[in-house]
1. Can you find even one residue in the stretch 35-49 that is open to solvent by 70 Å² or more (accessible area, probe 1.4 Å) and free of Cβ contacts under 8 Å to residues at least 12 places away in the same chain?
2. Spot the failing condition for ARG78; the list is (1) part of a helix (DSSP H, G or I); (2) over 18 Å from LYS107 (Cα atoms); (3) at pLDDT below 95, and only one is missed.
3. Would you mention how many residues in the stretch 92-109 are in contact with a Pro (Cβ under 9 Å, 6 or more places away or on another chain) and acidic (Asp, Glu)?
4. Please go through the stretch 89-104 and give me each residue that is open to solvent by 60 Å² or more (accessible area, probe 1.4 Å), over 19 Å from LEU121 (Cβ atoms) and either of a type in the set (S, T, N, Q) or in a loop (DSSP other than H, G, I, E, B) (or both), ordered by number.
5. Confirm whether PRO62 is within 17 Å of VAL35 (Cβ to Cβ) and either open to solvent by less than 20 Å² (accessible area, probe 1.4 Å) or in contact (Cβ under 8 Å) with a residue 40 or more places away in the chain (or both).
6. So which of LEU69, LEU10 is crowded, with 17+ Cβ neighbours inside 10 Å and assigned to a strand (DSSP E or B)?
Amino acid sequence: MNHKSKKLLLVDDDQTVLKLMTEVLTGFGHYVTSVPSARHALDHFTSAGQAFDLLITDICMPGMNGVELIKAVRAHNRTLPIIAISGFSEPEDQNEIAHYDARMLTKPVDFLTLQQTIDAL
């Protein structure tokens, strides 16, 4: 398969998940900046927002959650593709994520589906 390499900003508070996803996405040929919190992601985004092609964020995180991160990113960039990943999401979260034009995937993430979603965006 021929995938276009993208610069990804990956956010998950679970270090194991973050490491695994980084390895998988790097293996798919992407450039991955992985951060352990929505706050870190927002800092990266506001300082180098144009540097990223795609945001992939966990939803359930302590402090600022994924939905709040998506809202904050949308305030800076209306068109950046966003994939939200959640193990258990509330219907209102799903509605809000859809409202902010982000795709929703559920944990555990099927990596082929993830790559297909990245390619589709």
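1. There is at least one residue in the stretch 35-49 that is open to solvent by 70 Å² or more (accessible area, probe 1.4 Å) and free of Cβ contacts under 8 Å to residues at least 12 places away in the same chain.
2. Against the list (1) part of a helix (DSSP H, G or I); (2) over 18 Å from LYS107 (Cα atoms); (3) at pLDDT below 95, ARG78 comes up short only on (1).
3. 1
4. Those that are open to solvent by 60 Å² or more (accessible area, probe 1.4 Å), over 19 Å from LEU121 (Cβ atoms) and either of a type in the set (S, T, N, Q) or in a loop (DSSP other than H, G, I, E, B) (or both): GLU90, ASN95.
5. So PRO62 passes the test.
6. Selected residue: LEU10, the only one of LEU69, LEU10 that is crowded, with 17+ Cβ neighbours inside 10 Å and assigned to a strand (DSSP E or B).
The values are calculated or read from the model by the stated rules, or taken from the named source; none is laboratory data. Note that this is a predicted model, so its numbers are computed, not measured. Ideal geometry is used to build each Cβ from the backbone, glycine not excepted, and the neighbour counts take in all protein chains shown. Keep in mind that these areas ignore ligands, DNA and RNA; they rest on the heavy atoms of the full protein, side chains included. Shrake-Rupley method; radii C 1.70, N 1.55, O 1.52, S 1.80 Å.
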